[in-house]
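Everything below concerns the one structure shown next.
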Amino acid sequence: MAVNADLGGIERVEVLRGPQGTLFGKNTIAGAINIVTQKPGNELEGEVEVELGNLDYSQVRASVNVPIIDDVLAARLSLGTRRRDGYVTNLFNGDDYADIDQLTGRLLVSYTPSDATRVSLSVDALESDSLAQPVQFLTDTVPVGGVDVVVSDGPQSLNQNRLRKDETRDLGLGLTIEHDLGDYTLTSVTSYRKTEADTQDDFDRLPQARQESLSDVSQRVVTQELRISSPADGWYDYVAGLYFFDQKNDA
């Protein structure tokens, strides 16, 4: 439900096959896609990426890295926006459908108070308000109760009294603390994520009000992980820890 990956400042993407529950938690029985962002550093730098297209399409990604105290404190801010007009006409009211309106942001703060301790804070947010991808009939009319009802006027058109709409607001916080205990590393990972989604849909895809759906969903997830890892230069190594997970869904 909560996805916020449309940002710049990506360092690498890891595609991991097979069960990954040991380090990535539940729902990773077939693998995981891990998107690793660029960490704050000691150089003042920034980048801007712009894409333009038809239907007033625009996508802008920008990020800036700001060193505050060399080798101790730094921050990286990333912002992104993506917009596009709809390309499918709704015959019911003449409005365009399948538009995009999305705004994203992420702040990373890196703090290294000593050689043995490393602290990383991440805050990300997303706001999306779009008329989602359409579902269209393959014919211009369909029989309903013995009457042919007009459902489209050719490609990229439909006729629905209610359109599929998605409004999503997402907020995520993450705090990672690593501390070296001799050759061992103690790690604490704390995370919080809240997502609110308002959706509507017209299941029958017809101009009449027959089968419609309205939903208001809120999800909150809190996790806490404590783990210790052994040195990796011996004939065996291990990772041990505790994991707490709490999720609440309201619909």
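The values are calculated or read from the model by the stated rules, or taken from the named source; none is laboratory data. Not measured: the values here are computed from a predicted model. All Cβ positions, even for glycine, are placed from backbone atoms using ideal geometry, and neighbour counts span all protein chains on display. Just the protein is used for accessible areas: all its heavy atoms, side chains included, with ligands, DNA and RNA removed. Shrake-Rupley method; radii C 1.70, N 1.55, O 1.52, S 1.80 Å.
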Matching option when the condition is without any contact (Cβ under 8 Å) to a residue 60 or more places away in the chain and within 16 Å of the chain's Cα centre (by Cα), among 185, 168, 190: 168
Is it true that some residue in region 200-220 is touching a strand residue (DSSP E or B) at 6+ places or on another chain (Cβ under 6 Å) and under 22 Å from residue 22 (Cα atoms)? no
Condition (residue is among the aliphatic types (A, V, I, L, M), open to solvent by less than 70 Å² (accessible area, probe 1.4 Å), within 17 Å of residue 92 (Cα to Cα) and not in a strand (DSSP E or B)) applied to region 146-157: is it met by at least one residue? yes
If you scan region 119-145, which residues turn out to be under 29 Å from residue 194 (Cα atoms) and either open to solvent by less than 50 Å² (accessible area, probe 1.4 Å) or touching a His at 6+ places or on another chain (Cβ under 8 Å) (or both)? 119, 120, 122, 123, 124, 125, 126, 128, 130, 131, 132, 134
Output yes when any residue across region 35-43 is assigned to a loop (DSSP other than H, G, I, E, B) and open to solvent by less than 50 Å² (accessible area, probe 1.4 Å), and no when none is. yes
From the list 50, 60, pick out the single residue that is touching a Ser or Thr at 6+ places or on another chain (Cβ under 7 Å), surrounded by fewer than 17 Cβ atoms within 10 Å (Cβ to Cβ) and either polar (S, T, N, Q) or part of a strand (DSSP E or B) (or both). 60
Of the residues that sit in region 209-225 and are exposed (fewer than 15 other Cβ atoms within 10 Å of the Cβ) and not hydroxyl-bearing (Ser, Thr, Tyr), which one is farthest from residue 157 (Cα to Cα)? 217
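Answer yes if at least one residue in region 67-74 is in contact with a Pro (Cβ under 6 Å, 6 or more places away or on another chain), touching a residue at least 12 places away in the same chain (Cβ under 8 Å) and under 30 Å from residue 239 (Cα atoms), and no otherwise. Lay out the reasoning, then the answer.
Applying the first criterion (in contact with a Pro (Cβ under 6 Å, 6 or more places away or on another chain)) to region 67-74 yields 74.
Narrowing further to those that are touching a residue at least 12 places away in the same chain (Cβ under 8 Å): 74.
Within this subset, residues satisfying the condition of being under 30 Å from residue 239 (Cα atoms) are 74.
Yes, the conditions are met somewhere in region 67-74.
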